[in-house]
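First comes the structure, then the notes that go with it.
The values are calculated or read from the model by the stated rules, or taken from the named source; none is laboratory data. Given the structure is predicted, the values throughout are model-derived calculations rather than measurements. Because the Cβ atoms are built from the backbone with ideal geometry, glycine has one as well, and the counts that use them run over all protein chains shown. The area values use the complete protein model at the heavy-atom level, side chains included, leaving out ligands, DNA and RNA. Shrake-Rupley method; radii C 1.70, N 1.55, O 1.52, S 1.80 Å.
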Amino acid sequence: MLDNLVKLTNLKRDIAEINLDPLQRGGILTPEARAALVEWGDGYSVCDFCAGMLDRIKTPPVEEFVHGMLPEFLGTDEVRITHGAREGKFAAMHALCDKGDWVVMDGNAHYTTVLAAERAGLNIEYVPSSGEPDYAISEEGYAEAIERAYEHKGNVSMAVLTYPDGNYGNLADAKAIADVCHDYGVPLLLNGAYSVGRMPLNARELAADIIVGSGHKSMAASGPVGVLGASEEYARTIFRLSSTKKNKEVELLGCTVRGAPLLTLMASFPAVLERIRHWPDEVEKANSFADGLEKLGLKQLGDRPHRHDLMFFMAENLYQISLGAKKGRYFLYRDLKERGISGIKPGLTRQFKLSTYGLSSEDLKKVLQAFQEIIDSYPAAIG
Ligand SMILES: *Cc1c(COP(=O)(O)O)cnc(C)c1O
């Protein structure tokens with residue numbers, strides 16, 4: 001293996017002109033962040049002026065960002081930088097819940113919420129969604145799930161809402177869910193991997209006690225980087241200091257992001273605030289794109305009208321084509337790629353998700369046209 005190292009020395013990236021991958025749309029760097037990535041790319045580059053606490057570094061202005069700007073932005077008393085949404089969820093669960101406790105989460109929860117709970121030694125009670133076609137999550141569902149956990153003689157120490165979820169892009173009534181959780185004395189963690197940095201969102205207004213965001217998913221950062229915010233009541237425990245190592249927070253293992261990813265998050269932040277102001281345009285674009293695909297015989301599941309750029313589609317006609325097409329179910333990936341479009345997982349035809357975030361109306365028109373051409377080119381698709 002080690003005799004073929006040259007292949008590692010010139011790693012090129014082949015990307016399509018238009019990328020619909022929901023994972024990637026919100027993580028594209030701003031020019032400022034791209035410059036920061038190069039400027040701060042060396043290991044531990046941020047540590048030159050550190051006196052022991054990463055979040056207290058004054059040059060570059062990490063302290064102002066983490067203790068001033070981010071708490072105002074997220075609507076929480078305290079914020080820390082993490083390596084991503086999952087690390088934030090794990091830190092909060094590990095700090096606030098005891099092994100064997102129960103955590104209640106929506107049935108649309110991301111796998112990383114499940115793994116965070118598993119790693120923290122917690123049991124899970126799910127709030128089932130309403131199923132096809134809406135996959136809605138209700139506040140009554142949270143009350144019932146908490147009651148069920150009590151029936152297992154369990155201590156319910158956290159609830160999690162995925163806001164929106166990563167499959168359907170549904171935005172449940174977070175405030176109503178927070179209120180129900182609080183009636184039971186259970187704190188609510190809002191998983192904002194797909195919302196923090198994309199849309200207006202304030203934990204305090206939604207009565208969420210803890211919130212996590214993902215820099216590489218939705219805050220135009222290279223990552224791995226994320227944010228973890230909490231109200232004073234919970235921040236005290238989550239961000240507790242070590243008993244032996246001065247100024248080091250245990251749950252964060254002292255320091256989290258120690259270089260370029262953090263600087264890209266900071267460098268993009270002004271542009272992120274600006275793009276959030278245009279969220280209504282993004283929602284409108286998403287809905288009109290969905291209308292366009294529905295005219296071609298696809299069906300959008302989840303919230304309707306939709307309130308987020310992440311959308312899930314059923315495409316019975318594309319599935320029918322795949323049964324007879326050369327390359328079978330890979331035809332859609334190939335035919336879109338030939339037209340400069342990527343981001344729908346190779347092999348998927350019958351159902352898939354995509355995002356319109358940050359794409360121009362012209363680009364989206366091109367995508368609709370591509371779908372139209374593809375469908376028209378296979379006679380089997382008619383009807
Ligand atoms: C992408 C995603 C995550 C994981 O985010 P990381 O920052 O990579 O940990 C968590 N939850 C949801 C809903 C996601 O879509």
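Overview of results
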quantity	calculated
The range 1-62 and the range 219-297: distance between their alpha carbon centers, rounded to Å	16 Å
Lys, Arg +1 and Asp, Glu -1 on Cβ, resulting dipole of the chain about Cα centre, debye, nearest 20	1400 debye
Theoretical ellipticity at 222 nm over the chain - DSSP helices of four or more residues, -39500 (n - 2.57) apiece, nearest 500	-10500 deg cm²/dmol
For K248, distant residues with modelled amide H under 5 Å away	S242
Per residue value of the accessible surface for the range 21-111 (all protein chains in place, 1.4 Å probe), Å²	48 Å²
Label-to-label distance, nm, for residues given as D291 and V6 (7 Å Cα→Cβ offset)	5.6 nm
For the range 213-281, convex hull of alpha carbons as volume per residue, Å³	108 Å³
Expected-Rg normalisation [2.2 N^0.38 Å, Cα atoms] applied to the range 278-382	1.03
Backbone HN-Hα couplings from phi across the range 240-252 [Karplus 6.51/-1.76/1.60, Hz, Gly and Pro as x]	5, 8, 5, 7, 10, 9, 4, 6, 10, 8, 4, 5, 9
Charged-residue dipole, Cβ positions (Lys, Arg, Asp, Glu), the range 278-382 about Cα centre, Debye nearest 20	520 debye
Long-range amide H partners of I124 with built H, under 5 Å	V103
Cβ-placed point charges (K, R +1; D, E -1), dipole of the range 173-268 about Cα centre in debye, nearest 20	580 debye
Between 0 and 90°, nearest 10: helix 260-276 axis offset from the chain longest Cα axis	70 degrees
Portion, in percent, of the accessible area of the range 31-275 that falls on carbon or sulfur, probe 1.4 Å	51 percent
Dipole axis of the range 174-228 (+1 Lys, Arg; -1 Asp, Glu on Cβ), positive-most option in S222, V212, H182	S222
Rg followed by Dmax, in Å, when the range 27-141 is reduced to its Cα trace	18.7, 54
Accessible carbon and sulfur surface of the range 278-382 relative to its total accessible area, %, 1.4 Å	53 percent
Å² per residue, accessible surface of the range 173-253 at 1.4 Å	37 Å²
Kirkwood hydrodynamic radius over Cα pairs of the chain, then Stokes diffusion coefficient at 25 °C and 0.890 mPa s, in µm²/s	111 µm²/s
Accessible area per residue, Å², the range 292-371 with all protein chains present, probe 1.4 Å	46 Å²
Gained length - K58 relative to E17, 0.36 nm times residue gap less alpha-carbon distance	10.8 nm
C-alpha center-to-center spacing [the range 105-184, the range 336-383] in angstrom	33 Å
For peptides 209-217, 365-373, sequence by mean Cβ density within 10 Å, most packed first	209-217, 365-373
Using a Förster distance of 35 Å, the FRET efficiency for A271-K175 (Cβ separation, nearest 0.05)	0.80
